[in-house]
Amino acid sequence: MILFPAIDILNGRAVRLYKGDKNAVTDYGDPLEFAEKWAQAGAEWLHVVDLSGAFTGESGIDPVIAEIKRRFPVKVQSGGGLRHIADIERRLAAGADRVVVGTMAVSDPDEFALAVYKFKEKIVAGIDAKGGMLAVKGWTETTDLTAVSFGKKCKKMGITCALFTDISKDGAMQGANICETVRMQKETGLDVIASGGVSSLQDLHRLQESGVYGAILGKALYEGAIDLKEAIQGSRAAR
């Protein structure tokens, strides 16, 4: 299982939100300091999110990604604010190895289909669920699509990987929604990255035993509940 330390950026700062609420923010400091810390701990990937872009559609983290790629030997998966193909092109040009796209699939399905055709394996479907329903625009709007049905649609389009977030778990340190994560992977055939609520090595062990492709590590790292180096060693030993 691949572990993805998260760096969520809001107004140039590394932050964590509570259940996606932009008014419930914990500021941790300089994003580059955490990129260095996670790289030194052995991370293969970083999950870098533009929260400003997710909320407003106006991205501003490309220089940060470029600096991460210049300074550290890691791959970058990035989401937030990618509403048009031009946004994806800029994020990839900045150095992102692949991008997470969700809102575009609902707001402009034709452009989303073109993006999948053009960028292929560089597109990760962002599947954010609120009560089982797909949420978009920084989790501020809920659609009438179920998360699983959207996942199945993405698989048919040729997408192979998805980031699945149970919003009710995100930033809450209450454990991951393993049941729904496993269901998403089994019912859609996608390689699913679990996001939201991972709070202990036990959570990671249960996800790994369930065959989940990857896991995002956020608040648990920032609060010291999980030691990244130990977690990476455990995930590699079990491969």
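Counting the residues of the stretch 122-137 that are in contact with a strand residue (DSSP E or B) (Cβ under 7 Å, 6 or more places away or on another chain) and either surrounded by fewer than 23 Cβ atoms within 10 Å (Cβ to Cβ) or not in a strand (DSSP E or B) (or both) gives 5. Within the stretch 100-115, the set of residues being surrounded by 19 or more Cβ atoms within 10 Å (Cβ to Cβ) and in contact with a strand residue (DSSP E or B) (Cβ under 8 Å, 6 or more places away or on another chain) comprises VAL100, VAL101, GLY102, THR103, ALA105, PHE112, ALA115.
When the stretch 173-221 is limited to residues that are over 15 Å from LEU3 (Cβ atoms) and among the β-branched types (Val, Ile, Thr), the one that is modelled with the lowest pLDDT turns out to be ILE178. All told, ASP97 meets the bar of being open to solvent by 40 Å² or more (accessible area, probe 1.4 Å) and closer than 25 Å to LYS153 by Cβ.
Within the bounds of the stretch 81-88, is there any residue that is within 20 Å of ILE216 (Cβ to Cβ) and open to solvent by 20 Å² or more (accessible area, probe 1.4 Å)? No, the stretch 81-88 contains no residue that is within 20 Å of ILE216 (Cβ to Cβ) and open to solvent by 20 Å² or more (accessible area, probe 1.4 Å).
Out of all the residues in the stretch 158-170, is one or more modelled with pLDDT of 95 or more and either open to solvent by 60 Å² or more (accessible area, probe 1.4 Å) or more than 24 Å from VAL76 (Cβ to Cβ) (or both)? Yes, some residue in the stretch 158-170 is modelled with pLDDT of 95 or more and either open to solvent by 60 Å² or more (accessible area, probe 1.4 Å) or more than 24 Å from VAL76 (Cβ to Cβ) (or both). Residue-level analysis places GLU58 outside the set of residues that are at pLDDT 90 or above and farther than 20 Å from ILE216 by Cβ. A count restricted to the stretch 207-230 and to residues that are open to solvent by less than 80 Å² (accessible area, probe 1.4 Å) and under 22 Å from GLN185 (Cα atoms) stands at 11.
Residues that are modelled with pLDDT of 95 or more and surrounded by fewer than 24 Cβ atoms within 10 Å (Cβ to Cβ) are absent from the stretch 9-29 altogether.
Taking the criterion of being open to solvent by 40 Å² or more (accessible area, probe 1.4 Å) and modelled with pLDDT under 95, the only residue of the stretch 61-80 that qualifies is PRO63.
The values are calculated or read from the model by the stated rules, or taken from the named source; none is laboratory data. In this text, all values refer to a predicted model and were calculated from it rather than measured experimentally. Virtual Cβ from ideal backbone geometry, glycine too; neighbours counted across all protein chains shown. For accessibility, only protein heavy atoms count, side chains too; no ligands or nucleic acids. Shrake-Rupley method; radii C 1.70, N 1.55, O 1.52, S 1.80 Å.
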